[in-house]
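The values are calculated or read from the model by the stated rules, or taken from the named source; none is laboratory data. Because the structure is a prediction, the values reported are computed rather than measured. Here Cβ is always computed from backbone atoms with ideal geometry, including for glycine, and neighbour counts include all displayed protein chains.
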Amino acid sequence: MHELPVTESILAIVLKHAEKNKVKRVVTISLRVGELSDLEDEWIQRYFDYLSKGTLAEGAKLEIERSPVVLQCGECGMSFHVNFREVDEVVCPRCSGKKNSLVSGREYFIKNIAVV
Ligand SMILES: [Zn+2]
């Protein structure tokens with residue numbers, strides 16, 4: 001259950017933004033979530049509905065976009081995308097190196113907030 005603290009922090013950021021800009025209501029929140037993070041879209045929305053009751057963001061819809069996993073080769077420095085569901089072993093497409101480090105894929109951030 002990683003979604004609850006994540007959703008709490010998302011809501012806090014959204015409400016801060018809403019108060020600062022004197023909005024009436026938050027309609028949509030666009031999130032970008034790394035493919036490797038184990039956040040489930042459905043749970044984020046569920047927690048959000050629960051946590052946002054009585055706030056400016058009540059009823060807002062979350063639009064969740066997955067950002068691809070990017071690795072960097074430790075041998076030649078090349079950055080490349082990986083779909084972990086399709087490969088068993090990750091090797092660099094240029095030099096077949098196996099010492100790869102994660103560049104992105106676990107992050108999450110708010111891309112856009114639509115308000116009225
Ligand atoms: Zn390489």
- Task: Just give me the residues in the stretch 51-81 being among the small types (Gly, Ala, Ser) and out of contact with any strand residue (DSSP E or B) (no Cβ under 9 Å at 6 or more places or on another chain), in sequence order.
- Result: GLY54, GLY77
- State all residues of the stretch 95-110 that are in a strand (DSSP E or B), loosely packed, with under 13 Cβ neighbours inside 10 Å and in contact (Cβ under 8 Å) with a residue 60 or more places away in the chain; if no residue qualifies, say none. PHE109
- Task: Determine whether the stretch 24-42 contains at least one residue that is touching a His at 6+ places or on another chain (Cβ under 7 Å) and either among the acidic types (Asp, Glu) or over 29 Å from LEU102 (Cα atoms) (or both).
- Result: yes
- Has the stretch 30-39 got at least one residue that is within 30 Å of HIS17 (Cβ to Cβ), of a type in the set (S, T, N, Q) and at pLDDT 95 or above? yes
- Message: Being within 28 Å of ILE13 (Cβ to Cβ), acidic (Asp, Glu) and surrounded by 12 or more Cβ atoms within 10 Å (Cβ to Cβ) is the requirement here; does GLU75 meet it?
- Response: no
- Residue count, the stretch 79-116 (criterion: touching a helix residue (DSSP H, G or I) at 6+ places or on another chain (Cβ under 8 Å) and closer than 19 Å to PRO68 by Cβ): 2
- Going by the structure shown, is VAL14 over 16 Å from the mean Cα position of the chain (by Cα), under 30 Å from VAL115 (Cβ atoms) and in contact (Cβ under 8 Å) with a residue 60 or more places away in the chain? no
- Query: With respect to SER96, is the statement that it is more than 16 Å from the ligand (Cβ to nearest atom) and among the hydroxyl-bearing types (Ser, Thr, Tyr) true?
  - Reply: no
- Item | Count - residues of the stretch 54-88 that are within 22 Å of the chain's Cα centre (by Cα) and either assigned to a strand (DSSP E or B) or of a type in the set (Lys, Arg) (or both) | 16
- Note on the structure: Note on the stretch 16-38: residues of a type in the set (A, V, I, L, M, F, W, C) and surrounded by fewer than 16 Cβ atoms within 10 Å (Cβ to Cβ) are VAL27
- Note on the structure: Residue count, the stretch 45-69, condition of a type outside the set (D, E, K, R) and at pLDDT below 95, comes to 3
